[in-house]
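See structure below.
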Amino acid sequence: MNKINVAVLGLGSMGATHVRAAKESPFIEKITGYEPDAARAALRGGELGITAHNNLSEILDDKSIKLIYIAASNEAHRELAVSSLKAGKAVLCEKPMGITLEEARAMLNAEKESGSFLQIGFELHYSKLYMKVKEWIDAGLIGRPLNSHCLYYCSEFHKKNTWRVKSAGTLIGEKLSHYLDLPRWWFDKKVTEVFSMNAPNFVNYFNHPDNHQINYRFEDGSISNLNFVMGIAESDLGDPLMDIIEKQSDDGHALRYMIYGDKGAIEADVFRRRIRRWEFSDGEEKLESRIAEQIKFNKADDSEWFHNVYGQNLRIAELVANGMKPETPASDSFETMKLCFASEISEREKRIVKLDEL
Ligand SMILES: NC(=O)c1ccc[n+]([C@@H]2O[C@H](COP(=O)([O-])OP(=O)(O)OC[C@H]3O[C@@H](n4cnc5c(N)ncnc54)[C@H](O)[C@@H]3O)[C@@H](O)[C@H]2O)c1
């Protein structure tokens, strides 16, 4: 078996996940960590049980390091990805692919010029809940997909004075890029235009909007909507309405997709831990629908079902060790980022934005 050495740039909470996943990969021999500050590098290296330092050139010059995982804060993605690709490394870079369109384009260009491997960390492509949606759509089980709707209430308030709160990028790239990327992947069509709106903030110390209604259209006329609120969740633990209790979903989050085709529909609900599929049939008197399939998953399998960074990273190590190409090309992730940036323009300029403008 081919084994490679890897480096993880940025050893915060996501960097720790990358290190743990790398430790489990049969394709990885040695892991080196990097943080710009020497004391933090030493601290995090010790906590994670790896060698870590603050000398990036040493990592880029080390020919035995074939793959670099970038888990630094968003502002550092472009610089780290471009220099790693130029040094001939394969790169798995966390989303977002840059905090501006220019940064995303620079990363894509560096990939093209270096001919090296660049995949963006859209790990939902490796998560069973979303893979099942893709499988059902590709098998034609809902007919032609026409309309998808994502409802995301998230009461995960980041701490004051952290990079997320002060980030030059917005929550659209930082958080919602995952949920704009999914319908693009499922429908497998080009997005042509977007109209997005945001209301005044719920979280007064965020320096960017914390809620969005993003509407976008695909080239074949199908449409999609993402309604995101980083605010109070739809119910809380004190809710007296028993039929809403289920929505409390551990900590008050809601994350649910409805995808409609002309022959059926799919519901993928993270916090109810289930995915359902309807079949529509054309009866003598009217259209009818029935639930054709339902799959539930257990709390213990949450990561594998809707946040499978481990699965993604194990696969990336395998691909790179065997000289294979990315499973999601960087050019495809760039299209998702275009949709993110076009949504931001739409909010700022209060108009429909054609993606061809970008
Ligand atoms: N795919 C996902 O679902 C997912 C989930 C969480 C976070 N992320 C992404 O992972 C990245 C890190 O997020 P986090 O939650 O670990 O944040 P964090 O704040 O816990 O960690 C960020 C780390 O990056 C380090 N850093 C800052 N500048 C750096 C530089 N120039 N070079 C190297 N390291 C640098 C910081 O010192 C810190 O240790 C972000 O891009 C975030 O969007 C992705």
Picking from A104, A110, the residue that is touching a helix residue (DSSP H, G or I) at 6+ places or on another chain (Cβ under 9 Å) and buried (at least 22 other Cβ atoms within 10 Å of the Cβ) would be A104
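Only one of these is in a helix (DSSP H, G or I) and out of contact with any strand residue (DSSP E or B) (no Cβ under 6 Å at 6 or more places or on another chain): L339, L319. Name it.
Answer to the check: L319.
Restricting to segment 1-20, count the residues that are within 12 Å of the ligand (Cβ to nearest atom), in a helix (DSSP H, G or I) and of a type outside the set (S, T, N, Q).
Initial filter on segment 1-20 (within 12 Å of the ligand (Cβ to nearest atom)): 7-19.
Subset that is in a helix (DSSP H, G or I): 13-19.
Those left that are additionally of a type outside the set (S, T, N, Q): 14-16, 18-19.
Of the residues in segment 1-20, 5 are within 12 Å of the ligand (Cβ to nearest atom), in a helix (DSSP H, G or I) and of a type outside the set (S, T, N, Q).
Quick check on E29: is it part of a helix (DSSP H, G or I) and either within 12 Å of the ligand (Cβ to nearest atom) or not assigned by TED's automatic domain parsing to the domain that holds E174 (or both)? Walk me through how you get there before you give the answer.
Working: part of a helix (DSSP H, G or I): no; either within 12 Å of the ligand (Cβ to nearest atom) or not assigned by TED's automatic domain parsing to the domain that holds E174 (or both): yes.
Judged against the criteria, E29 is not a match.
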Sole exception among (1) crowded, with 19+ Cβ neighbours inside 10 Å; (2) closer than 24 Å to N308 by Cβ for I99, by number | (2)
For Y179, the lone unmet condition from (1) part of a helix (DSSP H, G or I); (2) out of contact with any Cys (no Cβ under 9 Å at 6 or more places or on another chain); (3) of a type in the set (S, T, Y) is (2)
Residue, nearest to the ligand (Cβ to nearest atom), within segment 36-81, restricted to residues that are in a helix (DSSP H, G or I), touching a Ser or Thr at 6+ places or on another chain (Cβ under 9 Å) and open to solvent by less than 40 Å² (accessible area, probe 1.4 Å) = N74
Name, by its number, the condition in (1) surrounded by 15 or more Cβ atoms within 10 Å (Cβ to Cβ); (2) within 22 Å of F341 (Cα to Cα) that does not hold for A168.
-> (1)
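Quick one: is E347 buried (at least 18 other Cβ atoms within 10 Å of the Cβ) and of a type in the set (D, E)?
On the way: buried (at least 18 other Cβ atoms within 10 Å of the Cβ): yes; of a type in the set (D, E): yes.
Yes; evaluated as a whole, the condition is true for this residue.
The values are calculated or read from the model by the stated rules, or taken from the named source; none is laboratory data. Remember, predicted model here, so these are calculated numbers, not experimental data. FYI the Cβ positions are ideal-geometry reconstructions off the backbone, even for glycines, and counts take in every protein chain you see. Heads up: the accessible areas ignore ligands, DNA and RNA and are worked out on the full protein's heavy atoms, side chains in. Shrake-Rupley method; radii C 1.70, N 1.55, O 1.52, S 1.80 Å.
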